[in-house]
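Contents: one structure, followed by commentary.
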Protein chains: 2
Amino acid sequence: MRLPLLMDLYELTMAAAYHRCGMEEKTAVFDLSYPTNPFGWGCAIFAGLEPALEHLESLRFGQEELDYLASIALFDEAFLGWLGSMRFTGSVVSVPEGEVIAAGEPLLSVRGPFAEVQIVETALLNIINYQTLVATKAARIVRAAGGKPVVEFGARRAPGPDGAMSATRAAFIGGARVTSHLGGGKAFGIPVAGTQAHSFVTAFDSELAAFRAYADTYPDDCVLLVDTYDTLGSGVPNAITVAAELKRSGHALAGIRLDSGDTASLSAQARRMLDAAGLQQVRIFASDELDEVAIVAIRDAGGAVDAWGVGTRLVTAAGAHGGALGGVYKLVELDGKPRIKLSAKKSTIPGGKSLFRVSGAGGQAMMDVIALESERPKAGDVVCELATGVSTTIPEGARVEPLRQEVMIAGRRTREAPALASCADRALGSLSRFAPEILDLRHPAQYPVLLSAALHALREKMKDRHAETGT
Amino acid sequence: MRLPLLMDLYELTMAAAYHRCGMEEKTAVFDLSYPTNPFGWGCAIFAGLEPALEHLESLRFGQEELDYLASIALFDEAFLGWLGSMRFTGSVVSVPEGEVIAAGEPLLSVRGPFAEVQIVETALLNIINYQTLVATKAARIVRAAGGKPVVEFGARRAPGPDGAMSATRAAFIGGARVTSHLGGGKAFGIPVAGTQAHSFVTAFDSELAAFRAYADTYPDDCVLLVDTYDTLGSGVPNAITVAAELKRSGHALAGIRLDSGDTASLSAQARRMLDAAGLQQVRIFASDELDEVAIVAIRDAGGAVDAWGVGTRLVTAAGAHGGALGGVYKLVELDGKPRIKLSAKKSTIPGGKSLFRVSGAGGQAMMDVIALESERPKAGDVVCELATGVSTTIPEGARVEPLRQEVMIAGRRTREAPALASCADRALGSLSRFAPEILDLRHPAQYPVLLSAALHALREKMKDRHAETGT
């Protein structure tokens with residue numbers, strides 16, 4: 001899918017003004033970051049990089065787009081000519097997909113001719129904002145599930161057809177390793193799963209007839225939806241009947257699904273009924289407006305759930321501080337000179353940068369450090385808190401490693417796209433190195449992000465200069 | 001964009017079971033409805049129909065999809081053969097796009113061969129859920145803006161590339177008649193607008209130099225972003241300087257944009273400064289995490305805003321009872337016999353249906369009535385409340401008109417796709433016939449939806465039958 005016009009008009013009006021001023025080829029650096037960790041968590045999971053790089057690599061404006069832009073009557077022929085022959089030739093340094101990240105970090109930095117790197121703002125934000133948000137929500141849900149599988153069920157509530165694709169991809173990176181969505185399953189090689197809908201059960205003259213028809217078609221992959229009429233009164237008993245019939249013919253019922261009512265109590269009672277019938281191996285799936293909060297509540301209340309189907313609240317990233325990541329893309333350097341924006345309470349961090357993770361002897365993540373591009377922070381260095389400027393030091397004995405890699409040079413990716421499973425594995429591995437306090441689902445501590453002393457000094461100097469001159 | 005696999009696996013496992021049971025050709029009717037009006041409003045705006053119909057019309061499974069489905073190892077060759085030659089041949093009766101709708105109504109009914117109408121569930125819900133939600137949010141925001149233009153700015157926070165397209169389309173139907181998103185502007189013929197970003201301002205050696213460069217490029221379409229450094233201390237004064245320069249060269253500054261801080265107070269002060277400089281015609285645009293709640297608050301606090309740019313909270317449908325519409329697609333009739341689902345608190349409404357709007361003499365919408373397909377309700381008829389069954393009558397002298405039309409017969413649309421502007425006009429006109437109490441943004445009354453006495457009786461009879469037999 002080629003969507004060159006996934007951009008806001010102002011990107012082109014700005015680029016045209018740069019072009020008119022002869023500034024379009026000046027080398028600029030933009031940082032992509034977000035201001036607050038979503039869902040009030042202590043960190044987040046980075047996702048969406050590869051589709052974003054694909055967009056950059058394939059970006060070009062055909063005659064159709066140029067004709068449309070000419071019709072807006074804002075652009076002169078010289079600029080439209082530039083646009084027609086434009087290819088993205090910038091470079092990108094980025095955190096890898098699946099990595100744990102935190103608010104304020106430059107997740108990716110884009111360097112290249114000013115007009116080129118300006119006009120990709122909306123596309124990069126669009127792709128990365130949503131996928132990072134969903135991957136993070138998925139990671140929280142997977143954590144709540146405590147080792148039981150999480151199946152992504154969200155296609156019907158995802159925002160549009162491509163929203164469903166993005167959601168399935170990002171949820172997988174965050175740890176939902178199975179999906180009900182065939183489009184995502186096919187595109188990304190994700191295992192697919194599914195049972196039946198209430199419409200199937202109501203299509204037959206009785207619930208038992210419906211269960212038998214399904215079991216007959218899928219004797220070894222049969223999960224029965226037991227809440228169409230009366231979960232404990234008819235659904236579970238009918239499932240037990242069919243399980244016995246399957247057993248007699250050498251098969252085994254795979255599971256039942258609960259999709260309404262008090263999941264904690266219903267699952268516990270269904271478990272007892274199944275066990276009493278000698279059906280210990282039959283698994284109980286739960287769905288119905290689940291997310292990390294609901295799953296924790298059901299587990300705390302003694303629910304007996306073996307797998308969780310999560311849809312709406314995953315793909316809409318529902319919950320406090322959810323809904324949107326709020327990522328921004330800010331100019332930090334132009335023509336070798338650092339740039340700053342001061343408005344409201346927040347100022348940007350000027351200058352080209354590098355980003356490091358500081359780990360303890362056991363590999364545990366301790367803090368991330370944002371530094372000048374030329375710096376290589378090490379144990380013992382002074383670093384300053386992002387918000388307050390209060391200084392501390394990188395602990396002695398700590399390992400300091402770069403968190404970002406150069407993933408695109410001169411408009412071409414530097415490596416094959418990593419397999420999606422390796423991104424999901426990275427998320428799992430990276431999360432295992434974060435302290436439980438950071439990952440607490442209710443009252444997490446914020447993972448610390450600090451500035452090198454030199455970067456902090458640059459920022460303060462630029463703030464002061466603007467304050468003095470009044471710009 | 002062809003996405004035949006925008007479906008959940010269970011739709012195909014069910015269809016394959018129908019196929020195995022010889023039920024795939026039985027005529028089925030599914031209703032699409034949603035349980036609760038979004039954002040706690042008294043009604044909603046229907047959107048997404050035309051893309052949904054396009055999906056149905058173009059649905060087919062090519063060799064690539066069939067090979068993928070074969071790899072899942074759940075489907076036999078006979079079913080895959082059926083799928084390979086399958087075309088959607090069903091009929092659709094629907095509310096027109098842009099119409100005001102309410103919770104519980106069958107917005108569209110799909111009738112056709114059981115397996116065909118079953119497998120389009122996820123696609124229909126995916127497309128209609130999101131667009132209806134965004135159109136409704138837009139209508140609320142436009143109402144809050146009280147006649148001032150609302151510009152959709154959400155592409156960067158929309159859920160994925162196609163999410164941005166869906167959002168722009170739906171927001172337009174809901175009343176945001178301008179967008180910053182070029183892809184949506186081109187695809188749907190929506191006027192586009194945009195100013196500049198902070199990166200533009202920080203790219204120059206001073207704010208004034210940036211403003212001059214922009215004004216020089218767009219002397220008649222120049223809106224200046226005034227909050228990069230100090231809104232009232234430098235931004236507005238510099239804009240006034242540039243406005244004076246433009247005036248001397250025979251042009252006029254179009255506006256300024258505020259994107260941070262206390263919008264109410266800043267806009268009022270900026271207005272006074274502009275007016276004092278004789279710049280009464282310069283408009284003030286506001287953006288920054290706006291939605292209907294924020295806009296009402298800014299207006300109540302004396303803000304002087306001439307146009308509103310709304311992004312994140314519009315395209316993510318943020319707010320209480322937002323995020324997802326919760327639409328469902330339920331089997332209501334099979335082989336001429338009504339079907340019902342009873343689980344949890346909610347039972348479906350069985351049977352093929354019709355839907356009517358009851359209006360007073362002045363055209364004001366009074367209630368909607370869901371009836372049996374064969375019925376034609378009229379003034380004086382008894383109707384029953386959806387939730388309680390309490391009966392009332394259709395007022396004497398009221399007009400009763402069908403709210404739905406047949407939009408697809410045998411898999412082909414019955415008419416040209418309506419122009420998007422006519423859908424937006426329909427929303428505007430329809431909303432004007434709804435009482436202010438229904439449209440109140442904070443404490444609305446719920447628009448009444450009732451069942452005909454005959455449909456109510458059918459539903460109760462089917463509930464009782466299931467209760468007696470225990471299915």
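Derivation of every value follows stated rules applied to the coordinates shown; laboratory data play no part. Just so you know, these numbers come straight off a predicted model, no measurement behind them. Positions of Cβ are backbone-derived with ideal geometry, glycine not excepted, and every protein chain shown enters the neighbour counts.
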Among beta bridges that DSSP assigns inside the protein assembly as shown, antiparallel share in %, nearest 5: 70 percent
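What's the magnitude of the charge dipole for chain B around its Cα centre, counting Lys and Arg as +1 and Asp and Glu as -1 at the beta-carbon? Answer in Debye, nearest 20.
820 debye
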Compactness of region A:384-428 - radius of gyration and Dmax, Cα, Å: 16.8, 41
Whichever lysines have a C-alpha closer than 28 Å to that of B:K26, once near sequence neighbours (fewer than 8 apart) are set aside: B:K330, B:K337, B:K341, B:K346, B:K353, B:K461, B:K463
Other protein chain Cβ atoms within 10 Å, averaged over every residue that makes up B:329-335: 3
Computed over region B:281-408, the ratio Rg/Rh where both radii use C-alpha atoms and Rh is Kirkwood: 1.13
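I'm a student and want to see the number: the projected area of the Cα convex hull of region A:145-315, averaged over all directions, in nm².
For region A:145-315, averaging the hull's shadow over all directions gives 9.7 nm².
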Local net charge near A:T179, Cβ-Cβ under 13 Å (Lys/Arg +1, Asp/Glu -1): +2
Leading residue at positive end of dipole, the protein assembly as shown (Cβ point charges), from A:G336, B:G81, A:F46: A:F46
Percent antiparallel among DSSP beta bridges (both partners in chain A, rounded to 5): 70 percent
Dimensions in Å of the protein assembly as shown - Rg and Dmax from alpha carbons: 28.8, 94
Highest to lowest packing among B:79-88, A:204-213, scored as the average C-beta count within 10 Å: A:204-213, B:79-88
Computed log₁₀ I(q)/I(0) - Debye formula, equal Cα scatterers, no solvent, region B:314-359, q 0.16, 0.28 Å⁻¹: -0.70, -0.99
Between region A:118-171 and region B:274-337, the alpha-carbon center distance in angstrom: 24 Å
Reachable lysines from B:K186, criterion Cα separation under 26 angstrom, eight or more residues apart if same chain: B:K137, B:K148
Residues in region A:288-313 reached by a label modelled at A:R272 [backbone nitrogen below 16 Å; 7 Å Cα→Cβ]: A:301-305
At 0.890 mPa s and 25 °C, Stokes D of region B:265-317 from Kirkwood alpha-carbon radius, µm² per second: 208 µm²/s
Where the Cα pairs of region A:1-138 fall when distances are cut into 10 Å bins, in %: 11, 41, 30, 15, 3
For region B:197-281, convex hull volume per residue from C-alpha positions, Å³: 81 Å³
Copy-to-copy label separations for B:E385, where each label sits 7 Å from Cα toward Cβ, in nm and ascending: 5.5
Among A:S58, B:L125, B:G411 the positive-end extreme of the charge dipole of the protein assembly as shown (Cβ point charges): B:L125
Centroid-to-centroid separation of region B:391-431 and region A:206-234 [C-alpha atoms, Å]: 39 Å
Trypsin sites (Lys or Arg not before Pro) restricted to DSSP loop in region B:264-364 with at most 11 other C-beta within 10 Å: B:K345
Total charge dipole magnitude, the protein assembly as shown, about the Cα centre, Cβ charges on Lys, Arg, Asp, Glu only, Debye to nearest 20: 680 debye
Label spacing, shortest first and in nm, from B:R465 to its equivalents in the remaining copies (7 angstrom along Cα→Cβ): 8.1
Of every Cα-Cα pair in region A:1-70, the percent that sits beyond 14 Å: 75 percent
Pairs of Cα atoms farther than 18 Å apart, region A:186-238, %: 33 percent
Other-copy label distances relative to B:G62, 7 angstrom Cα-Cβ extension, nm: 1.5
Cα Rg, Dmax, chain A, angstrom units: 26.1, 87
Peptide B:404-415 - average C-beta neighbours from other chains (10 Å radius): 0
Neighbourhood charge, 9 Å Cβ-Cβ cut-off, centred on A:A264 and excluding it, Lys, Arg +1 and Asp, Glu -1: -1
Inter-chain shielding of B:300-313 (mean C-beta neighbours from other protein chains, 10 Å cut-off): 1
Hull-based mean projected area of region A:111-169, where the convex hull spans the alpha carbons, in square nanometres: 5.3 nm²
Residue-averaged [θ]222 nm for the protein assembly as shown, counting only DSSP H segments that reach four residues, each worth -39500 (n - 2.57): -11500 deg cm²/dmol
